[in-house]
1. Counting each DSSP H run of 4 or more residues in the chain as -39500 (n - 2.57), what helix-only mean residue ellipticity at 222 nm follows after dividing by all residues, to the nearest 500 deg cm²/dmol?
2. For VAL221, VAL255, what ranking results if the residue with the fewest other Cβ atoms within 10 Å of its Cβ goes first?
3. Under a Cβ-only charge scheme (Lys and Arg +1, Asp and Glu -1), can you give me the dipole magnitude of the chain about the Cα centre, in debye to the nearest 20?
4. What distance in nm lies between label points placed 7 Å from Cα along the C-beta direction at ASN89 and LYS292?
5. Consider a paramagnetic label point 7 Å from the Cα of ALA214 along Cα→Cβ; state which residues of the range 155-179 have an amide N under 20 Å from it.
6. Roughly speaking, what is the stretch gain from GLU140 to GLN122, that is 0.36 nm per residue apart minus the C-alpha to C-alpha distance, in nm to one decimal?
7. Taking N as the number of residues in the range 258-345, what is its alpha-carbon radius of gyration divided by 2.2 N^0.38 Å?
8. Just the Cα atoms of the range 138-245: what Rg and Dmax do they give in Å?
Amino acid sequence: MKLCVVSLGGESSKLIAKEARNFFDDVSEIGLKNIELCLDDKGFTVKDHEGELEDFDAIYVRGSHRYILLQRALTRALYKKVYMPIKPNAFTLGHNKLLGSLEMQQKGISIPTSFFVSNSKQAKSLLGEVNYPVIIKIPEGTQGKGVMFADSESSARSMIDALEAFKQPYIIQEYIETGEVKSEDLRVIVAGGKVVGAMKRISHSADVRANIHASGKGESVQLDPDVEKMSVKAARAIGVDIAAVDILKGRKASVIEVNLSPGLKGIMKYTGKNIARDVAKALYDKAVEFKKKKESEPVKTKVSDENGFDEQYIESHIERGSLCLPRFITKGVGFVNGDDLVVKLKKGELRITKHNIRKEEED
Ligand SMILES: Nc1ncnc2c1ncn2[C@@H]1O[C@H](COP(=O)(O)OP(=O)(O)O)[C@@H](O)[C@H]1O
Ligand SMILES: [Mg+2]
């Protein structure tokens with residue numbers, strides 16, 4: 001079994017790749033920045049990498065929100081052929097708190113009451129109606145950097161004016177009161193449909209943000225079964241097999257976001273658990289499951305007829321009106337890009353032959 005970890009080369013990605021060598025026969029690490037997409041027959045190519053990406057059994061794509069388009073495109077092209085733990089649409093949902101929260105709300109997962117409006121006039125009228133304090137956050141913020149706390153209507157108004165001046169969209173969200181003295185949240189790592197590690201993060205001083213990057217401190221925590229279930233459900237709702245789910249436990253628990261490329265160093269330190277190994281194991285188990293499923297797909301009877309033609313039964317696949325034939329047909333027939341082909345068709349039958357100009361000239 002062959003795994004490829006595509007990433008920006010961060011420590012956690014390297015750690016997962018290292019642990020994965022205990023399970024997979026071969027593990028490659030590819031830089032996200034080395035991947036190029038050429039929208040012709042070449043498709044995706046990788047600098048300094050021989051072989052095709054679709055020859056891997058599993059590809060784990062990590063990286064920051066700056067690379068969403070590339071990550072999503074890569075996954076869109078390969079996720080039906082290779083096991084990929086993050087589905088194409090998840091790159092958008094996981095990196096956008098508005099779309100991610102909407103998806104979770106639609107799938108029955110509790111989230112903080114949140115508002116999103118199209119203009120400052122509407123926002124300001126809303127600010128006259130909500131209870132304070134409120135959280136104002138940037139949909140694509142990370143590491144706590146886009147999260148602001150407004151304890152009154154006047155501070156919320158000035159924050160919104162500043163955000164509008166930068167043409168920055170924002171979410172106005174109910175403030176969830178958590179810890180007794182300092183704010184805290186739960187960071188839960190889900191891998192392969194189960195929780196493999198969890199910590200409580202407690203904010204430093206008066207900051208409402210408990211992120212480790214905002215100088216929060218972590219400690220190991222035993223999760224309630226309903227919070228465990230909620231975390232697994234949230235990852236599934238977004239379309240990811242490996243994720244970090246952030247949860248606030250106020251009067252009830254609510255999910256604030258699902259992270260696609262969580263750092264593992266902090267949580268491994270605070271829990272004392274080798275979570276990178278659990279993530280690697282989940283990748284392996286899921287890749288094996290994916291491969292078995294793919295191989296058990298009816299590969300239809302192959303026979304050769306009296307003229308030496310191989311005959312197989314396949315299901316037709318038509319995309320935007322174009323008939324797509326599987327790779328084994330391209331390989332078996334030996335056509336290469338740019339070949340002149342003669343296409344003969346009538347209702348219910350199609351024949352494609354290579355056009356041999358030299359032979360015709362000799363004739
Ligand atoms: N609605 C909220 N109520 C209270 N605290 C919040 C709320 N939203 C976020 N926080 C605090 O801010 C931190 C960062 O918020 P989050 O939405 O996870 O953004 P980021 O992607 O920057 O981590 C959370 O871990 C939590 O401590
Ligand atoms: Mg967070």
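1. -9000 deg cm²/dmol
2. In order of increasing Cβ crowding within 10 Å: VAL221, VAL255.
3. Computed about the Cα centre, the dipole is about 900 debye.
4. It works out to 2.8 nm between the two label points.
5. 155-164, 168-179
6. 4.3 nm
7. Working it through for the range 258-345, the quotient is 1.88.
8. Both quantities, over Cα of the range 138-245: 15.8, 45 Å.
FYI, it's all coordinate maths here, none of it is from the lab. This is a predicted model, so every value here is computed, not measured. So basically every Cβ, Gly included, is an ideal-geometry build from the backbone, and we count neighbours across all protein chains shown.
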